[in-house]
Amino acid sequence: MPEVNHNAPTHMFSLVVVQHPDTGKFLIVEEGCGKGWWLPGGHVDPGETFEMAAIRECKEEGGIDIEITGILRFEHTPWPTGGGRQRMIFLARPKDKNQKPKSEPDFESLRAEWISLEQLDADVSSGKMKLRGSEPLEYFAYVARGGTVHSRYLIARENDPVVTR
């Protein structure tokens, strides 16, 4: 039995599936260092909620200001020796449907663009586009086929009032 470290951190991440309300296309981000294309997202900073991190990361990596519309999934992976990883995957739409995705590379990402599920699938299959992981294809397909979207009010701070919307 491995020794358990009760002080080991749990790393928290927010990922965002952003769908354009008019075109139905999805926002995808090209990461640096040859990692490939992926969902906007990243580490939840100290003092942030999952939702705050999602909004910040989408702006930093994708250049888009968003409105969270729901939660697609919450993942918790505990590590046997302590700590673990948590990921919240949100669904969002742009606050301004005419806002252009990021086009100038910086520390956060190289660029972002709107892409249809069909085009992404074709570009990945042909080798034109490399994905960091399978999440963009999986979540874009899930949203496109009308998968369940949970209320964004499912996540709350302790002692927050219960929201009944």
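The values are calculated or read from the model by the stated rules, or taken from the named source; none is laboratory data. Quick caveat: nothing in here was measured; it's all calculated off a predicted structure. All Cβ positions, glycine included, derive from the backbone under ideal geometry; neighbour counts span all protein chains shown. Ligands, DNA and RNA are excluded from the accessible area calculation, which covers all protein heavy atoms including side chains. Shrake-Rupley method; radii C 1.70, N 1.55, O 1.52, S 1.80 Å.
Which residue pairs have Cβ atoms closer than 6 Å, lie 6 or more positions apart in sequence or on different chains, and pair a first residue in the stretch 130-154 that is at negative phi with a second residue that is loosely packed, with under 12 Cβ neighbours inside 10 Å and at pLDDT below 95?
Sorted first by the residue in the stretch 130-154, then by its partner, the pairs are TYR153/VAL163.
Do you know which residues across the stretch 153-165 are in contact with a helix residue (DSSP H, G or I) (Cβ under 7 Å, 6 or more places away or on another chain) and under 13 Å from LEU72 (Cα atoms)?
Residue satisfying the conditions is ILE155 alone.
What number goes with the only condition from (1) within 23 Å of ALA141 (Cβ to Cβ); (2) out of contact with any Pro (no Cβ under 8 Å at 6 or more places or on another chain); (3) surrounded by 16 or more Cβ atoms within 10 Å (Cβ to Cβ) that THR23 does not pass?
So THR23 meets the others, but not (3).
At positive phi and open to solvent by 20 Å² or more (accessible area, probe 1.4 Å): is that true of GLY84 in this structure?
No; evaluated as a whole, the condition is false for this residue.
Which of the residues spanning the stretch 99-123 are closer than 20 Å to CYS33 by Cβ, in contact with a Ser or Thr (Cβ under 9 Å, 6 or more places away or on another chain) and either open to solvent by less than 50 Å² (accessible area, probe 1.4 Å) or among the acidic types (Asp, Glu) (or both)?
Within the stretch 99-123, LYS102, ALA112, GLU113 qualify.
Determine whether ARG73 is assigned to a strand (DSSP E or B), under 20 Å from SER116 (Cα atoms) and open to solvent by 70 Å² or more (accessible area, probe 1.4 Å).
The answer is no for ARG73.
Anything in the stretch 1-20 that is among the hydrophobic types (A, V, I, L, M, F, W, C), part of a loop (DSSP other than H, G, I, E, B) and either free of Cβ contacts under 8 Å to residues at least 24 places away in the same chain or under 21 Å from LEU137 (Cβ atoms) (or both)? List them, or say none.
Answer for the stretch 1-20, where residues must be among the hydrophobic types (A, V, I, L, M, F, W, C), part of a loop (DSSP other than H, G, I, E, B) and either free of Cβ contacts under 8 Å to residues at least 24 places away in the same chain or under 21 Å from LEU137 (Cβ atoms) (or both): just MET1.
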